[in-house]
Structure formats: C-alpha cells, structure tokens
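A.B. asks: Before I ask anything, here is the structure I am working with.
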Amino acid sequence: MFESLTQSLSKAFRAITKNDRLTEANVEEGLRLVRQALLEADVNFSVARQLCQTVRDRSIGEKVLESVTPAQQFIGIFNQELTKLLGAQTATLGFASNPPTVWLMAGLQGSGKTTTCAKLAMWARKQGKKPLLAALDIQRPAAIEQLITLGKQLEIPVYHETGGRPSGIGERAVKEAEKKFYDVVILDTAGRLHVDEALMLEVAEVQARTKPHAVILVVDAMTGQDAVNSAKAFDSRLAITGTILTKLDGDSRGGAALSIVHVTNKPILFVGLGEKPADLEPFHPDRMASRILGMGDVVSLVEQAQKAFTEDEVEETAERFMSGKFDLNDLYQNLQRMKKMGPMKKVLGMLPGIGQMSEVMDNVDESKMGRTEAVYLSMTAWERRNPDSIDLSRKQRIARGSGNSLSQVNELLKGFDQMRKQMKQLSKVMQMSPKERNRFMKEAQRGAVQQQRGLSGGGGGRGGFSR
Ligand SMILES: Nc1nc2c(ncn2[C@@H]2O[C@H](COP(=O)(O)OP(=O)(O)OP(=O)(O)O)[C@@H](O)[C@H]2O)c(=O)[nH]1
Ligand SMILES: [Mg+2]
C-alpha cells in the first residue's frame, strides 16, 4: 500500500536529515521534494499545495530552528498535518437506536460496492448485529446472483426480487428487516460508468424512500483523482455520510486516500484491502499517516497480534519459554499463531522502516514458514515433546515426510537446541537478585569486550575502558 509515495517521501526527508539545523533553505528544498512526491502520487493539486504551505509555516518558526533534531521535528509536523488531512479522528458507522439501521451503498461501476456490502455485513455481525443484505441492482443481470452467492458464503440472508424498481425493492427490504428483527439492512445499488443522471436519480429515489441512516460511497482508490472528482459529484447530490476506499491493497500511489477527505469533507469510514469478505479494516487517520511516512503501523500490528493470541496463551507460553521447559509443540503452536496474523510480508510491512527496506521485503520467504510447518507436522506429538530423542532414522523419515533435506531437519533441531539454551540462561538471569544481576551483566560485558578485542586483533591494554 502506498509504497511509491512512501519511498519518495523518505527521499525528501533524507534531504533535510543531511543538515543539522532546520533552515528556511533546507525546509524549502525538503518541501519541494515533498510536493513533487505528492503530485506524483496523484494527490489533488490544491491539497498538496495547502499541506506544504501549512508545514512550511509551522516549520520555519524560531522554536523549530533551535531544535536539536530538526529532521524529526519536520517529519513530526508533517505527520500531524497528514493525519489532519486524512480526517483527524477515526470515524465509524453507528447503529440506530431504533433498528433496523439502513445503509445505502453507492458508487461507480466496479468500485467494489457488492463486495463491500458483504464485508460490511460481516463486520456488523462481528459487532453482534444481525445483518440483512438487499439486492437493488437490477441493471446488471448477474448482480443479484453475485450478492446471493456472497450471502450464502457468509450465511447472511439476501433480500431480492425479480423485476420491480430499486426504490420499491429497497422499501420492501427495510420492511422485511423490521418484521424479522434484523439490526441492519445493507442496500446494494447499481453502478454507473460516469456520474450519470438517470442512475443518480435512481439512487436519490432509493434514498428518499428508504431514509437510510448512512449513505456510503464506495470508491476505487486505484482510480486516483477521478475517484475524488466523482466523490464530489456524488456528495453534492446525495449528501454522503462517508466513503469506503477499496483496493488499497493494490494502490501504491495513495492520491485518492490523501485527497478525498479534504475534497468531500466527509470521513473515510473503512478501507478495503483485498477481495475476500474479511479484507475490510476501519480507517485510522493517524495510523495511515504513519504508514505513509514509513514509520510503520505498530498499533495495527499489536491489534492483529491480540486477535491471534489470547492473553492467557501469551502468558502461558511466556512462562514455559522462560522456564526453559518448552518443546517443539510450543514452537509449532507459535507458528500457527503467527500464521493467523497474516502473510509475513504484510506483518513486516507494518514495522517501522522495514516496509521500505526492499532488501528485507524481497527476501521474505513465505515458503520457508511452510517448510518449517511441514517438518513439525511430519513429527509425532511425542517427538515434538522429546526432540532430543529423535535419532538419525527418525530424522530421515521426517525429512522424507516433509519434503525437506536431512540437513534442513538438522538445522531446525539445532536452532531449537540453541534457543532452549539461551532461554535457560535468560531465565537464570531473571531469577537473580538485582545485585547478582548487576554483577552478572558486568561480567558478561567484560567478556564481550574481551571477545571483541580478540576478534579485532587489538588485544592490547590501551582501550578507553579503564579511564
Ligand atoms: N484487490 C481488491 N479487489 C477488490 C476490492 N474490493 C472489490 N474488489 C474487486 O473489484 C471487482 C469489482 O467489485 P464489485 O463488488 O463487483 O463492484 P461493484 O461496485 O459492485 O460493481 P458493479 O455492481 O458492476 O457496479 C471484483 O473483482 C472485486 O473482487 C478490494 O478491496 N481489493
Ligand atoms: Mg455490484
């Protein structure tokens, strides 16, 4: 997401980092590069200009000039302004106190309305609500079928009719929801190629008859400024509640995301990050700004980890690890939890700075995790509990069973052994009294220094440590 923008922005920041003071000249130079990066990312021209203007006004102040770390100050200011631009606060879709809540979806053809209806239904269900989907797209013959299929997949009912006008279908869908006590009805409407009058009237009529609590505009982020312009047109006609940006997974430029809030003055509610119904995330302006600036998205990462690991699991595993009493079953379970967090690349991409390190990202080998998993799976539970007892013939069988070489199996077992030794040592240190720990650390440090001297070949007594 936004890789190219992030890369060119970090180039701009490097230009400022080179200097040890923020001066008018280097702020100007940095901002020139920032503006260029924004325009290349297809950010709306006036948005880019205004953002740079605000950052300049705030940066070239006396306080900042006296700063010890001017580059950090600049990036900090930029981060705050970017967050403001993206919406300052996290907006969310609420539910009406008197159900059913009605959400009307609108947007251009192929923007992802139908897919997003299913995603939202799933999200609503996660909030403990009972959702109903409704097919109001009678323009495209396969549209109703598409929604029915998605509904079946998620076991969420779909209200549909053959024939009829979209507004009438919508009205009857809401009645059905009232009768059967659904909490929320999501109305999927027909797309349009451009902002075209006939279809716009159609949605406006649905809006008038169903009185939705929210009109949600679905926008394809990959279409950049076109998306932003059409959003403006939709908003002036339908007074939208907010937008959902889809296909952010494929958007390396970020122009739509950075301009749409400013241009429509409506919040981004969610972002779509893939084709599957689970690929929907609430939009957090601050986290997105940090991600764009290459500062990572640690908060999202922690949240994802919390979803994958329960607190008890974490505590129990930590205890076992710290006591050195863990075995390969623990490592195998850990691997399973890591997998729950998503693909390694996505997880690493959220870490500050890592996402921009192409040498790291290019070397991420998802298949290695799969190979390791295959080794674990080829062992019996008893073998995983007693790795020391695995003899050569068993190793050979495990290698064959997992499609790995014998040396790969050996490597895994050796790694485990080392890890166990290190954890044992660490747990010893943790159990020491502060005084003992201090002494231990000093000795370890001395050992490391001596080792370093030995390695560098210095060996003499002229080091600076005695003074
Ligand atoms: N990669 C990716 N693909 C998406 C996302 N959202 C939707 N799509 C894909 O975009 C295509 C169009 O999605 P639809 O949901 O059918 O779009 P629509 O707005 O309902 O289209 P019409 O009904 O024809 O107007 C499909 O192939 C979806 O799988 C997303 O967040 N990421
Ligand atoms: Mg559709």
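The values are calculated or read from the model by the stated rules, or taken from the named source; none is laboratory data. All values reported here derive from a predicted model rather than from experimental measurement. Please note: Cβ atoms are built from the backbone with ideal geometry, for glycine as well, and neighbour counts cover all protein chains shown.
A.B. asks: Quick one: count up the residues across segment 110-134 that are crowded, with 24+ Cβ neighbours inside 10 Å, within 10 Å of ligand 1 (Cβ to nearest atom) and not in a helix (DSSP H, G or I).
C.D. replies: 1
A.B. asks: If residue 96 passes every condition in (1) aliphatic (A, V, I, L, M); (2) in the same structural domain as residue 242 (by TED's automatic domain parsing); (3) away from ligand 1 (no atom under 16 Å from the Cβ); (4) surrounded by fewer than 20 Cβ atoms within 10 Å (Cβ to Cβ) but one, which one does it miss?
C.D. replies: Exception for residue 96: condition (2).
A.B. asks: Right, something else. For residue 183, work out the one condition from (1) away from ligand 2 (no atom under 15 Å from the Cβ); (2) surrounded by 15 or more Cβ atoms within 10 Å (Cβ to Cβ); (3) closer than 27 Å to residue 254 by Cβ; (4) in contact (Cβ under 8 Å) with a residue 60 or more places away in the chain it doesn't fulfil.
C.D. replies: Single failed check for residue 183: (3).
A.B. asks: State which residue is modelled with the lowest pLDDT when the search covers only segment 99-123 and only residues that are in contact with a Phe, Trp or Tyr (Cβ under 8 Å, 6 or more places away or on another chain) and more than 12 Å from ligand 2 (Cβ to nearest atom).
C.D. replies: 99
A.B. asks: So, in segment 200-224, exactly how many residues are outside any loop (DSSP other than H, G, I, E, B) and more than 17 Å from residue 112 (Cα to Cα)? Step through it out loud before you land on a result.
C.D. replies: So the first thing to find is which residues in segment 200-224 are outside any loop (DSSP other than H, G, I, E, B), and the list is 200-210, 214-224.
Subsequent filtering for residues that are more than 17 Å from residue 112 (Cα to Cα) retains 200-202, 204-210, 214.
Qualifying residue count for the region: 11.
A.B. asks: (1) among the hydrophobic types (A, V, I, L, M, F, W, C); (2) within 16 Å of ligand 2 (Cβ to nearest atom); (3) touching a helix residue (DSSP H, G or I) at 6+ places or on another chain (Cβ under 9 Å): which one isn't true of residue 199, the others all being true?
C.D. replies: All conditions pass for residue 199, except number (3).
A.B. asks: Taking the options 211, 152, 129, 175, name whichever one is touching a Ser or Thr at 6+ places or on another chain (Cβ under 9 Å) and at pLDDT 95 or above.
C.D. replies: Working: 211 fails: touching a Ser or Thr at 6+ places or on another chain (Cβ under 9 Å); 152 fails: touching a Ser or Thr at 6+ places or on another chain (Cβ under 9 Å); 175 fails: touching a Ser or Thr at 6+ places or on another chain (Cβ under 9 Å).
Every option except 129 fails the conditions.
A.B. asks: Would you confirm whether or not segment 168-185 contains a residue that is assigned to a helix (DSSP H, G or I) and either within 30 Å of residue 223 (Cα to Cα) or not assigned by TED's automatic domain parsing to the domain that holds residue 220 (or both)? Please lay out each step first, then the result.
C.D. replies: Taking segment 168-185 as the starting set, the residues that turn out to be assigned to a helix (DSSP H, G or I) are 168-179.
With the extra rule that they be either within 30 Å of residue 223 (Cα to Cα) or not assigned by TED's automatic domain parsing to the domain that holds residue 220 (or both), the set shrinks to 170.
Among the residues of segment 168-185, at least one is assigned to a helix (DSSP H, G or I) and either within 30 Å of residue 223 (Cα to Cα) or not assigned by TED's automatic domain parsing to the domain that holds residue 220 (or both), which makes the answer yes.
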